[in-house]
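Colleague: After the structure tokens below, expect a handful of questions from me.
The values are calculated or read from the model by the stated rules, or taken from the named source; none is laboratory data. Every value quoted in this text rests on a predicted model; they were computed, and no experiment measured them. Glycine also receives a Cβ, built like all others from the backbone with ideal geometry; neighbour counts cover every protein chain displayed. Heavy atoms of the whole protein, side chains included, go into the accessibility calculation; ligands, DNA and RNA do not. Shrake-Rupley method; radii C 1.70, N 1.55, O 1.52, S 1.80 Å.
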Amino acid sequence: MQVTKTGGQGLKRRPKGVLELGWACFESAASGRTEHVPTSLCYPETVVRRTTFEAGGGHGWRISALTTPRDRPAPIKYVVVTGAPSWAEYWAPVLAALPQDREMVVVDRPGFAGSEPVEYVGDIRVQAEALSPLLASQKGQKVLVIGQSYGAAIATLMAESSDQHRLAGLVLLSGFFGEPGPTARLLVKLGSKVLKLIPRDLRNAVLEVMGQAGQLERMKIALARLRAPVHVIHGDADDFAPLDTAERLAANARTRTPARFVAVAGADHFLNDGPPDALLALLEDCLPVERPLFQFRMPKLTWPVFTWAKQKAANGGAVAA
């Protein structure tokens, strides 16, 4: 269990891992909450704040997200599209650990947690449209789009439609690409048999995973159109989304520059459950190195050597008459 201090109110426990997250969905549905542990109990609003925005694409939904308030725009903005079930609250420790020269927004995708609609939104193109307002940036600000698990394909479509000049890169974090690992296969099999009995968030997650594979060709087309670098980061102990599937995607993707693949030793599907600093370091490595447009270099000066000096050196210091 992840333990978070709550400023005098004791300790609040936030489940981690796919099985405990599933149980948290049951608890939250029973209590009528959209968060298992309300983020406001764990962090002051000056550090992590819950916000809402109107979905793009004319869908009219209210979308819920967590963000890091800043007095002035940071040069880098991280946009995180979460997996299935999609609960931004599980990124709260990472948000809280972010330095002041970075911003982050983590979304509850349509059909999950505090976001509308109640119904399942199975088309990844519709989800990308709905989440497009997240890509808005300030003058001089670069955006790094991060798609986690099922959110990886959606994040790719978002990155394709973004302002390419302001896109710092695309990160596919623990990406799920249509081929489930043993844990995902078992959970989807069980969930599909009891769809009418499980909470909305679990039901929508099962439906999403079952219907994703046929949509991935659109994701591959989007990857080929990106100008920015693509980074594929995956835990080598991931039993939900297989490591070799992610590695194969990185190797075969038709990107402008070869996709960078990083296997994280000992990590499972939930990289955001680990130490926040470790994940933030992985994300920092995905940012482009800023180089000045113009760099003045002093020319290397060489002094002329006259013929008489060369002759003197050859004769051991004596100049021939």
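Colleague: Quick one: if the Förster radius is 56 Å, what FRET efficiency do Tyr120 and Arg72 give, using the C-beta to C-beta distance and rounding to 0.05?
Modeller: 0.90
Colleague: Of the heavy-atom accessible surface of segment 81-183 (probe 1.4 angstrom), what whole percent is carbon and sulfur?
Modeller: C and S fraction of accessible area: 50 percent.
Colleague: Given the protein chains as shown and a 1.4 Å probe, how many square angstrom of Glu103 are accessible, to the nearest 10?
Modeller: Using a 1.4 Å probe on the heavy atoms, I get roughly 40 Å².
Colleague: Going by amide H atoms built from the backbone, whose H comes under 5 Å of the H on Leu144, apart from near neighbours?
Modeller: Those qualifying (amide H under 5 Å, at least 5 residues apart or on another chain) are Lys77, Tyr78, Val79, Ala168.
Colleague: Segment 35-146: Rg/Rh from Cα coordinates, Kirkwood Rh?
Modeller: Reported Rg/Rh (Cα atoms, Kirkwood Rh): 0.95.
Colleague: From the phi of every residue in segment 136-144, what ³J(HN,Hα) in whole Hz does the Karplus formula 6.51 cos²θ - 1.76 cosθ + 1.60 yield, where θ is phi - 60° and glycine or proline is x?
Modeller: 3J(HN,Hα) across segment 136-144, in whole Hz: 4, 9, 8, 4, x, 8, 9, 10, 9.
Colleague: How many nm separate the modelled label positions at Ile221 and Ser40, each set 7 Å beyond the Cα in the direction of the Cβ?
Modeller: Going by the 7 Å Cα→Cβ label model, 4.3 nm.
Colleague: Going by average Cβ neighbours within 10 Å, how do the peptides 43-54, 60-71 rank, with the highest at the top?
Modeller: 60-71, 43-54
Colleague: Can you give me the Cα centroid spacing of segment 162-184 and segment 50-120 in angstrom?
Modeller: Cα centroid to Cα centroid, the span is 16 Å.
Colleague: Same structure, new question: Could you give the accessible area per residue of segment 120-167, probe 1.4 Å, as a whole number in Å²?
Modeller: 34
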